[in-house]
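Have a look at the structure below before the remarks.
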Amino acid sequence: MTVIYRVAHDNDDLERVIDLEIAVWGIHERDAFPVHMLRLARLHGGAVIVAERDGDIIGLNIGFPARRGTETVLWSYVTGVHPSIQGENIGYQLKQAQRRWARNQGYATVCWTFDPLQPKNANFN
């Protein structure tokens, strides 16, 4: 089964990203990104990148433009993969897709958020 990495296209994609975010982190829906914030990221220099297999969104990556000193960078805020398929290299490939997208958009730097109390997360980033 082939995994396709692409930028989220529309509100349906964004709604499915939110559903996946809830599944990955087990959060309440009110704590998930609202669709309008994901849309704003997409419209103003950021990207929501998804991993899709057989029509299902199985991975997500969200990045926003941010200032770091005098440079505008892409801040890679979150990457997640459906719990049932974690460990299949999909998260890494999402980061690579984000890197390619950022270069194509003129970003010289991508910065990452990570939780140092989560060893797998720190190692991944």
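Structural remarks
- Neighbourhood charge, 11 Å Cβ-Cβ cut-off, centred on GLY63 and excluding it, Lys, Arg +1 and Asp, Glu -1: +3
- Taking Cβ atoms as reference points and 13 Å as the exclusive limit, the residues near ARG39 contribute a net charge of -3, counting Lys and Arg as +1 and Asp and Glu as -1.
- In this simple spin-label approximation, ARG103 and GLU71 carry label points 7 Å from Cα along the Cα→Cβ vector, and these lie 1.6 nm apart.
- A straight chain from TYR92 to THR2 at 0.36 nm per residue would run longer than the Cα-Cα distance by 30.9 nm.
- Simple spin-label estimate for HIS28 and TRP112 in nanometres, 7 Å along Cα-Cβ: 3.1 nm
- Net charge of neighbours whose Cβ lies under 12 Å from the Cβ of GLN105, counting Lys and Arg as +1 and Asp and Glu as -1: +4
- Rolling a 1.4 Å probe over the heavy atoms of the protein chains gives the chain an accessible area of 59 Å² per residue.
- Whole-percent carbon and sulfur share, accessible surface of the chain, 1.4 Å: 51 percent
- DSSP H segments from the chain that extend 15 Å or more along their own axis, Cα-based, with Kyte-Doolittle mean of 0.0 or above: 11-25
The values are calculated or read from the model by the stated rules, or taken from the named source; none is laboratory data. Here the structure is a predicted model, which is why all the values come from computation and not from measurement. Because the Cβ atoms are built from the backbone with ideal geometry, glycine has one as well, and the counts that use them run over all protein chains shown. Remember, those area values only see protein heavy atoms, side chains included, never the ligands or the DNA or RNA. Shrake-Rupley method; radii C 1.70, N 1.55, O 1.52, S 1.80 Å.
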